[in-house]
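Report on one structure; see the data block that follows.
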Amino acid sequence: MSVAVARYENLIGGEWVDAVDGGTEQIVNPATGETIAEVPRGTEADVERAVKASKDALPAWLETTPAERAGMLLELADAVEEHADELARAESQNVGKPMVHSRFELGKSVDNLRFFAGAARCLEGRAAGEYLAGYTSMVRREPIGVVGQIAPWNYPLMMAIWKIGPALAAGNVCVLKPSEQTPLTTLMLAEYAREILPPGVLNVITGDGEPVGAGIVRHPDVRMVSLTGDSATGKEVARAAAETLKRVHLELGGKAPVIVFDDADPAAVAEGIKIAGFWNSGQDCTAASRVVAGPKIYDRLLEELVPAVESMQVGDPSEGDEIEMGPVVSKAQQERVFGFLERTGATVLTGGDSNGDRGFFVRPTVITDVDQKDEIVQREVFGPVVTVQRFADDDQALAWANDVTYGLAASVWTRDIGRALNAARKLEFGAVWINDHGTGISEMPHGGFKQSGYGKDKSIYALEDYTQIKHVMAKID
């Protein structure tokens, strides 16, 4: 049976347009390999057109009040909520997510928009005053201007909202590029935004990292670039942005340790890893991918974890809500994950293969007998693969946990609150969960240490990242 192929356009200056040169690219369903949509394949000419539209929209947008911007963000949140079912279906088809996951992430996205609508009206700063006799000083927090934003393929809608929410709330205008692999829900979001925001305030253009993403980074009129992606791409963006001294906001890769002390509940840990290690097929920079377990709990944990992972229902998300894990996003990603597995000499306790010939599946995998320096421990696999190591003592557990180039997220599992807080203090990661892994809220920041990048998503700290500080001093005598 043939699949209907939807056709999309870019949103530039409030109008739907094809790519300047008419190029297109095909979007596939990773569960089936079938083409489901056609989108513009942009060039630097499309970047130029989108940046110009943003610049044209900026002066009027700068005159809006926080209350006016908040009202529009609330309208956009309502529109996303109203279209939640169709967005969830599109996200499930385009990324390969189970429907229950897509629906859950949509709720989080709506909440994030509403949070920034409120935060726009509550910016804080140092009190105005006479810090020098005869002068009154005040601090203004002002928008940066045209912001270029590059979203990833693993959470296309949620990451787009994490970016546009604080940027628009702060008074910036945006040129947003979704991933060339998963642009559909971002283009649907643009459709709702077109009816709410003034033309040119939000522009959405599709295309490859080069020339579109790199073109955004290189453009001299783009004053800030926000990227969610892998660490190698983040380094390239930082280098290119340095040419024009752009502000850079980077949320990059991760290799999250899960430290399991001997007094933890192995069943609870196994259930936590089953969710946090394999959500979105492990394609998550905070995924619980690296378990470091104590000498007494190690065997008991594996006795709980392996059957829990083997019980997962893997398949095409369209088969029903009982599906717990879908495919990885593409054939290339499937081959990348299998490459890690083929190169390791470790013991595969479960998984490690595909789920039939249809689609790009990797069955959920648990690996033991790995060395701390092994590639599969040190590098981000970005797939449904969890390694399990046995540590000798607390110092070794913390040393192993910190012994990677990443620093995005970690978790600690223990009944001893003092032990947990001490570990949280010593872990070099931007988020540390205690007896949980992966739970997030709009009020708290998301962002990493080390090569996981800098800048924060969510929370008031994200709003601060999208603003710049101006000191105004008036002589009063």
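The values are calculated or read from the model by the stated rules, or taken from the named source; none is laboratory data. All values derive from a computational prediction rather than experimental measurement. Virtual Cβ from ideal backbone geometry, glycine too; neighbours counted across all protein chains shown. We work out accessible area using only protein heavy atoms, side chains counted, and drop any ligands, DNA or RNA first. Shrake-Rupley method; radii C 1.70, N 1.55, O 1.52, S 1.80 Å.
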Discussion item. If I filter segment 325-344 down to residues being under 21 Å from the mean Cα position of the chain (by Cα), open to solvent by less than 60 Å² (accessible area, probe 1.4 Å) and not hydrophobic (A, V, I, L, M, F, W, C), which single residue comes out as farthest from VAL385 (Cα to Cα)?
Written reply: SER330
Item to complete: Kindly indicate the residue of segment 257-269 that is in contact with an Asp or Glu (Cβ under 7 Å, 6 or more places away or on another chain) and part of a helix (DSSP H, G or I) and also surrounded by the fewest Cβ atoms within 10 Å (Cβ to Cβ) among those meeting that condition.
Response: ALA267
Worksheet entry | From the options GLY96, GLY148, GLY129, GLY118, residue that is without any contact (Cβ under 8 Å) to a residue 24 or more places away in the chain and either of a type in the set (Ser, Thr, Tyr) or open to solvent by less than 60 Å² (accessible area, probe 1.4 Å) (or both) | GLY129
Response to the item:
Those residues of segment 447-459 that are open to solvent by 10 Å² or more (accessible area, probe 1.4 Å), outside any loop (DSSP other than H, G, I, E, B) and touching a Phe, Trp or Tyr at 6+ places or on another chain (Cβ under 9 Å) come to a total of 2
Practice prompt. Find the residue count for segment 281-331, including only residues that are in a loop (DSSP other than H, G, I, E, B) and within 22 Å of ASP265 (Cβ to Cβ).
Written response: 11
Discussion item. If a residue counts only when it is of a type in the set (Val, Ile, Thr), which strands (runs of 3 or more DSSP E) contained entirely in segment 15-133 have at least 2 such residues?
Written reply: 24-28, 35-40
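Condition check ((1) touching a residue at least 60 places away in the same chain (Cβ under 8 Å); (2) in contact with a helix residue (DSSP H, G or I) (Cβ under 6 Å, 6 or more places away or on another chain); (3) surrounded by fewer than 22 Cβ atoms within 10 Å (Cβ to Cβ); (4) of a type in the set (A, V, I, L, M, F, W, C)) across all residues:
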{"position": "ASP21", "(1), (2), (3), (4)": "no, no, yes, no"}
{"position": "GLN26", "(1), (2), (3), (4)": "no, no, yes, no"}
{"position": "GLU48", "(1), (2), (3), (4)": "yes, no, yes, no"}
{"position": "ALA57", "(1), (2), (3), (4)": "yes, no, no, yes"}
Worksheet item: When segment 99-114 is examined, which residues are found to be touching an Asp or Glu at 6+ places or on another chain (Cβ under 7 Å) and either open to solvent by 60 Å² or more (accessible area, probe 1.4 Å) or over 18 Å from PRO183 (Cα atoms) (or both)?
Response: VAL100, VAL110
Worksheet item: Among the listed residues GLY254, GLY272, which satisfies the condition of being buried (at least 19 other Cβ atoms within 10 Å of the Cβ), in contact with a Phe, Trp or Tyr (Cβ under 8 Å, 6 or more places away or on another chain) and within 23 Å of THR186 (Cβ to Cβ)?
Response: GLY254
Response to the item:
If you go through ALA399, ALA462, ALA410, the only one that is part of a helix (DSSP H, G or I), open to solvent by less than 30 Å² (accessible area, probe 1.4 Å) and either over 16 Å from GLY277 (Cα atoms) or out of contact with any His (no Cβ under 8 Å at 6 or more places or on another chain) (or both) is ALA462
